[in-house]
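Structure record follows, encoded as structure tokens.
Readers should treat all values here as calculations from the given coordinates under stated rules, not as data from a laboratory. Predicted, not measured: the structure shown is a model, and the values here were computed from it.
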Amino acid sequence: MALPESKPARFPQPGDHIYCRRKNGLYDHHGIYVGDDMVIHLQGKAKKLGPLPACHKCGDKRVENGEIAKVCINCFLQGETVQIYDYGVPFSEFENRKRGTCSVLRSKPPHEVISAATGFLEGNGFGPYNMIFNNCEHFAMYCKTGKADSHQIEMNFVAVCVCM
Ligand SMILES: [Zn+2]
């Protein structure tokens, strides 16, 4: 029997950690929904946003700082369904859920999550983030909780996202 994927999708609220499938479910890609249809995420070195066709929705607002970028939710999802990463779930529930979909850690208030993600994007003295974050899940979780942790890596349940 397959483990439950996640709770039914709701529309993300600003400050939510969201994720979606990449490569037909080979791995998941994660980011922080910051409102106004925009998402801040950690993208891989290999794939910068440059070559993408200009998006009429986020093209003007698309911001990039190293590997951290702000794109619209449609560009983030690339046609996949948005999923919400849950925080503060009871350990008994956490144990039964698929890894990389939820955490027992508590989320910071949404405005703190958004300001953490925005701070990284704008490079406000957060230091060399590439030393802190190995992948997109690390980045999103750090914005949510102040702790960098990736179940994709820890549990080896899913391939590590290459952040495309
Ligand atoms: Zn876009």
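Quick look at the numbers
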{"read-out": "Of Lys70/Lys98; Lys23/Lys70; Lys70/Lys144; Lys98/Lys147; Lys23/Lys108, pairs whose Cα-Cα distance is over 24 Å", "value": "Lys70/Lys98; Lys23/Lys108"}
{"read-out": "Residue-wise HN-Hα coupling along region 110-116, computed from phi with Karplus coefficients 6.51, -1.76, 1.60 (Hz; x: Gly, Pro)", "value": "x, 5, 6, 5, 5, 6, 5"}
{"read-out": "Karplus (6.51, -1.76, 1.60) ³J(HN,Hα), θ = phi - 60°, over region 25-30, in Hz, Gly and Pro reported as x", "value": "x, 4, 8, 10, 10, 10"}
{"read-out": "Sequence-distant residues sharing a close amide H with Tyr87 (under 5 Å, placed H)", "value": "Ser103"}
